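Here's the structure we're looking at; comments come further down.
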Amino acid sequence: MNTPLKNYINQYSDSSPLIVFRIGFGILMCYSLIRFWLKGWIETLYLNPSFHFSYYGFEWVKPIDEYTYLIFILCFISSFFVAIGYRYKLSIILFFLSFTYIEMMDKTTYLNHYYFISILSFLMIFLPANAGYSIDSFLNKKYYTQIPRWNIDIIKILIAIVYLYSGIAKINSDWLFEAMPLKIWLNSKYDLPIIGESLMQKNWIHYFMSWGGMIYDLTIPFLLIINRTRILGFILVVFFHVFTAILFPIGMFPYIMIFSSLIFFNKRFHKKVLKYLEELLLTIKPGLDLTKTKIINKSKTKFEKIKLSIIAIFLIVQLLFPFRYFLYPGELFWHEQGYRFSWRVMLMDKVGYTTFKIKDKKSGNFFMVDNEKFLSPFQEKQMSFQPDFILEYAHFLGKNFSDEFNEIEVYAESFVALNGRPSQRFIDPTVNLYGERESFKNKTWVLPLNDEIKGF
């Protein structure tokens, strides 16, 4: 007996959207890595700092001195091989591993689009993105014109999750009723030509962009899915992301999302892209035959079932993981437990000042730490208002100065301001942080926010 799910799994569609996505994804990653290297960020972010903030459970992921460059080289080569479709399965696995390792070397550099690239590359391991217009296809003399429909739809679902969850996160009182933190950020854009000293200073524009951003995120997946509204949706995608790229230093994220939205277009569009690519290659190598057509075998294999099971688990995790913050009491924007990896994009402005006191429990002697001796300015800024950063750094200090005291204790003097609110004490100054351990449990030593943010 056929079920709707089984019928859907057995459906096939043209492979060209996935092929175009593979080529574009590989090219964008190549450019991103070159850009990262040329800007000197490898040295600035990973080699110069003497201390690096780790993700819980992945403390072993660290820069490896000058060999860190080799990780970036491996990542670049594998992304190039993904683009041209050479040994695709191995290449996308190596890209996923190397890129994710880079992402996890220092928690300070966390960005939503890094996370998006990491989980997207993991997903692509299980997709036949080298079905055509690839070195693999050329060498094997096979061009698979049809692939299971879900191979393309799963990418669309992931993109929809990013937008919808980002939109849901904006349904809160700070964002909608106070226009925070956009009011803070846009007021600082006075140096923008024409609109900086006029439009960006208007209160109504702050609210317009806050509500508009929320509505955009919640509606854009549906505009892209529906045939009649797809062109409008894509125009809005381009306008929104180009405009935000002008306003904020968010790197490659706008261009990655613009490109990713193209997968919603039909096969005719992608076939035109591939035809243009073929003509371009033929100008370089006349007589090159890129396609030997063969319909993909539609029989289900044991591996296919395993692959579908992995994808199903992946999808469930992506749907549920962003809501883990419900497990923690208090204000999410304040304690940030469950904040990362939940598609909360530019929702808060936090400013903190955190110093540490190293104390000998027996003698009572103590001294204050100069954070500049151990942290870069960027690391110190991020540490000052994030509890897990503060705890990890406290343990680092405790170990670093353990030889100077018989029984060492580490205390934090921390004050944080959230979304324009007055600064208030953040960490309980009576708690010895060196005696606390990182875990998934609630951090009771984070003092509650003296206010309430309603919404998600």
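The values are calculated or read from the model by the stated rules, or taken from the named source; none is laboratory data. Just so you know, these numbers come straight off a predicted model, no measurement behind them. Note that each Cβ is placed from the backbone with ideal geometry, even for glycine, and that neighbours are counted across all protein chains shown.
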Subset of the stretch 39-58 that is assigned to a helix (DSSP H, G or I) and aromatic (Phe, Trp, Tyr) - its residue that is surrounded by the most Cβ atoms within 10 Å (Cβ to Cβ): TYR46
If we scan the stretch 20-38, do we find a residue that is in contact (Cβ under 8 Å) with a residue 24 or more places away in the chain, buried (at least 17 other Cβ atoms within 10 Å of the Cβ) and over 20 Å from the mean Cα position of the chain (by Cα)? yes
Contacts under 8 angstrom Cβ, first residue in the stretch 103-118 being surrounded by fewer than 18 Cβ atoms within 10 Å (Cβ to Cβ), partner among the small types (Gly, Ala, Ser), 6 or more apart: LEU111/GLY251
Exactly one of SER439, SER423 is of a type outside the set (Lys, Arg), surrounded by 12 or more Cβ atoms within 10 Å (Cβ to Cβ) and within 18 Å of GLY330 (Cα to Cα), and that one is SER423
Inspect the stretch 355-377 for any residue being β-branched (Val, Ile, Thr) and closer than 14 Å to VAL446 by Cα and give the result as yes or no. no
Can you report the number of residues in the stretch 248-277 which are more than 17 Å from ASP153 (Cα to Cα) and either more than 19 Å from the chain's Cα centre (by Cα) or of a type in the set (Lys, Arg) (or both)? 7
Go over the candidates VAL416, VAL446 one by one and state the one that is farther than 23 Å from LYS373 by Cα and outside the structural domain of PHE51 (by TED's automatic domain parsing). VAL446
Scan the stretch 146-182 residue by residue and report those that are surrounded by 19 or more Cβ atoms within 10 Å (Cβ to Cβ) and not hydrophobic (A, V, I, L, M, F, W, C). PRO148, ASN151, TYR163, TYR165, SER166, GLY167, LYS170, ASN172, ASP174, PRO181
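Residue by residue, here is whether (1) under 30 Å from ASP174 (Cα atoms); (2) charged (D, E, K, R) holds:
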{"position": "TYR353", "(1), (2)": "yes, no"}
{"position": "SER363", "(1), (2)": "no, no"}
{"position": "PHE367", "(1), (2)": "no, no"}
{"position": "GLN382", "(1), (2)": "yes, no"}
{"position": "PHE385", "(1), (2)": "yes, no"}
{"position": "GLU392", "(1), (2)": "yes, yes"}
{"position": "PHE396", "(1), (2)": "no, no"}
{"position": "PHE415", "(1), (2)": "yes, no"}
Kindly check whether there is at least one residue in the stretch 125-134 that is assigned by TED's automatic domain parsing to the domain that holds LEU319 and assigned to a helix (DSSP H, G or I). no
Answer with yes or no whether GLY233 is assigned by TED's automatic domain parsing to the domain that holds VAL162, within 14 Å of SER166 (Cα to Cα), in a helix (DSSP H, G or I) and not polar (S, T, N, Q). no
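Okay, residues lined up against (1) under 29 Å from TYR163 (Cα atoms); (2) modelled with pLDDT of 95 or more:
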| position | (1), (2) |
| --- | --- |
| TRP60 | no, no |
| PHE96 | yes, yes |
| THR100 | yes, yes |
| ALA129 | yes, no |
| GLY132 | no, no |
| PHE138 | no, no |
Can you go through GLY85, GLY26, GLY57 and tell me which one is under 30 Å from ALA394 (Cβ atoms) and of a type in the set (Gly, Ala, Ser)? GLY57
Considering PHE95, PHE99, which residue is touching a Cys at 6+ places or on another chain (Cβ under 8 Å) and more than 21 Å from GLY132 (Cα to Cα)? PHE99
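Restrict the check to the stretch 94-103 and report whether at least one residue is within 14 Å of PHE25 (Cβ to Cβ) and over 22 Å from the mean Cα position of the chain (by Cα). Break it down into steps so the answer makes sense when it comes.
Our first condition is that a residue be within 14 Å of PHE25 (Cβ to Cβ); within the stretch 94-103, this holds for 95-96, 99.
Going one step further and asking which of them are over 22 Å from the mean Cα position of the chain (by Cα), we end up with none.
No - not one qualifying residue is present in the stretch 94-103.
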Across the stretch 345-380, the tally of residues that are free of Cβ contacts under 8 Å to residues at least 60 places away in the same chain and either within 30 Å of HIS241 (Cα to Cα) or of a type in the set (S, T, N, Q) (or both) stands at 6
Can you name the residue in the stretch 220-247 that is among the β-branched types (Val, Ile, Thr) and within 21 Å of the chain's Cα centre (by Cα) and is also nearest to ILE168 (Cα to Cα) among such residues? ILE220
